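All of the numbers you see were taken from the coordinates with simple rules; none came from a lab. Quantities reported herein were computed from a predicted structural model and do not represent experimental measurements. Backbone-built Cβ (ideal geometry, glycine too); neighbour counts: all protein chains shown.
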Amino acid sequence: MRAPKPGSAEWLRYMTASKVAAVVGTSPYESRFSLWHRMHGDLEPQPQSAEMSYGHYLEPVLLQWFADQHPELIVKPGEWAEVDGWAGASPDGRVFGKTKRDQAVVQCKTSRLAYEWETGVPPGYYDQVQWEMWVTGARRAYVAADVAMEFREYPIDRDNDRIDHLVTEARAFMDSLAAGTPPPLDGSSHTYQAIRALHPEIDPESVEVPAALAVRWLDAREVVAEATEAETLAKNEIAALMGNAQRAVWDGTTLLTRQARNGGTPYVVAARGLPSTRKAAS
């Protein structure tokens, strides 16, 4: 059986490896809310972007590269697999060897942003291959990745605790689909895009906003404005401290760089991949 076509009736029936990350909040492409409405038939399938098309065409190349690195293993294209008629996965490749330990799945990924891979496989892809291992019964996964035009290999062992969490959340999600009960709203931009698509018309009406919600939104706007001003002040102070230097560094991490376009006046730009947790300055 082939993998169901996105948007088809078969596709709507299955929780797949590419969807489960959205269910648990680790997908960079979809929220739980937007996925629910897509699978409920309220939204069209996501169109294939140029980046997705590029990745699709590169899959055979990455799979062949992985096979070349492992002559001791048998590497074949992946096939659709499913569990109990509701959970499915279609890994890009399957690996076979002398022992059960050698049986694995291969997932091929492409990314132009090296900083997203500085600590290993991004969380959404990690959840994707854990789901694939559960559906196929594999004990190991390999992510073969083209990261900023560099081929990389990431071995990942089966994580049964994580799989249990994914399966529990996925079952609850599928039950909510059957019951017609959408998940609560969240702060994801994908949820906002879904809300926009769900309401494409403009009616000449007014809606009364509850006081608590109105105050919460107004307060949030003030917090954003204050944070923006504070961030700009700190950036100005660092820019003044930099003088003519190209980079501003703290504790080994590049914070800002000075750039110029076509010989114009230099300006500062925040570095990519900045730490998301606060560290106390020593």
Worksheet entry | Theoretical FRET efficiency, 1/(1+(r/R0)^6), r = Cβ-Cβ of THR228 and VAL83, R0 51 Å, to 0.05 | 0.60
Worksheet item: Once amide H atoms are placed 1.01 Å from N in the peptide plane, what residues at a sequence separation of 5 or more from TYR29, or on another chain, have their amide H within under 5 Å of its amide H?
Response: none
Discussion item. Just to verify a number: FRET efficiency for VAL269 and LYS98, C-beta to C-beta distance, R0 = 51 Å, to 0.05?
Written reply: 0.50
Response to the item:
Expected max-MSF residue from GLY55, GLY88, GLY187 in the GNM of the chain (alpha carbon, under 10 Å) is GLY187
Item to complete: Let me have the 222 nm mean residue ellipticity of the chain computed from DSSP H runs of 4+ only, each contributing -39500 (n - 2.57), with the sum over all residues rounded to the nearest 500.
Response: -13500 deg cm²/dmol
Item to complete: Provide the per-residue ³J(HN,Hα) series for the stretch 205-211, in order, calculated from phi with Karplus coefficients 6.51, -1.76, 1.60 and θ = phi - 60°, each as a whole number of Hz, with x at glycine and proline positions.
Response: 10, 10, 10, 7, 8, x, 4
Practice prompt. Based on alpha-carbon positions alone, could you give the equivalent ellipsoid semi-axes of the stretch 211-270 from the gyration tensor, as √(5λ), descending, whole Å?
Written response: 33, 14, 9
Worksheet item: What distance in nm separates the simple spin-label points at ARG139 and LEU12, each placed 7 Å from Cα in the Cβ direction?
Response: 4.1
Discussion item. Taking θ = phi - 60°, what integer Hz values does the Karplus form 6.51 cos²θ - 1.76 cosθ + 1.60 yield along the stretch 15-24, in sequence order, with x for Gly and Pro?
Written reply: 8, 10, 5, 6, 9, 5, 5, 5, 4, 9
Item to complete: Output the direction-averaged projected area (hull surface divided by four) of the convex hull of the alpha-carbon atoms of the stretch 9-197, in nm².
Response: 11.0
Worksheet item: Which FRET efficiency value, to the nearest 0.05, do you get for ALA172 and TYR29 by plugging their Cβ-Cβ distance into 1/(1 + (r/R0)^6) with R0 = 30 Å?
Response: 0.90
Discussion item. Spelling out what I want: for every residue of the stretch 69-81, take phi, set θ = phi - 60°, compute 6.51 cos²θ - 1.76 cosθ + 1.60 (Karplus), and round to whole Hz; glycine and proline get x.
Written reply: 7, 10, x, 7, 10, 9, 10, 10, x, x, 10, 5, 9
Practice prompt. Compare the peptides 163-170, 47-54, 114-121 by average per-residue count of other Cβ atoms within 10 angstrom and give them in order, highest first.
Written response: 163-170, 114-121, 47-54
Worksheet item: Considering the chain as a Gaussian network with a 10 Å cut-off on Cα pairs, which listed residue, ALA138, ALA227, ALA87, attains the greatest mean-square fluctuation?
Response: ALA227
Fill in: Theoretical gain in end-to-end length, LEU58 to ASP186 [0.36 nm per residue, Cα-Cα removed]
42.7 nm
Practice prompt. Show the residues, 5+ positions off or on another chain, whose built amide H is closer than 5 Å to the amide H of ARG94.
Written response: LYS76, GLY78, VAL106
Worksheet entry | Centre separation in Å (Cα based) which lies between the stretch 206-282 and the stretch 108-179 | 31
Practice prompt. Determine which lysines satisfy two conditions relative to LYS98: a Cα distance under 27 Å, and not lying fewer than 8 residues away in the same chain.
Written response: LYS76, LYS109
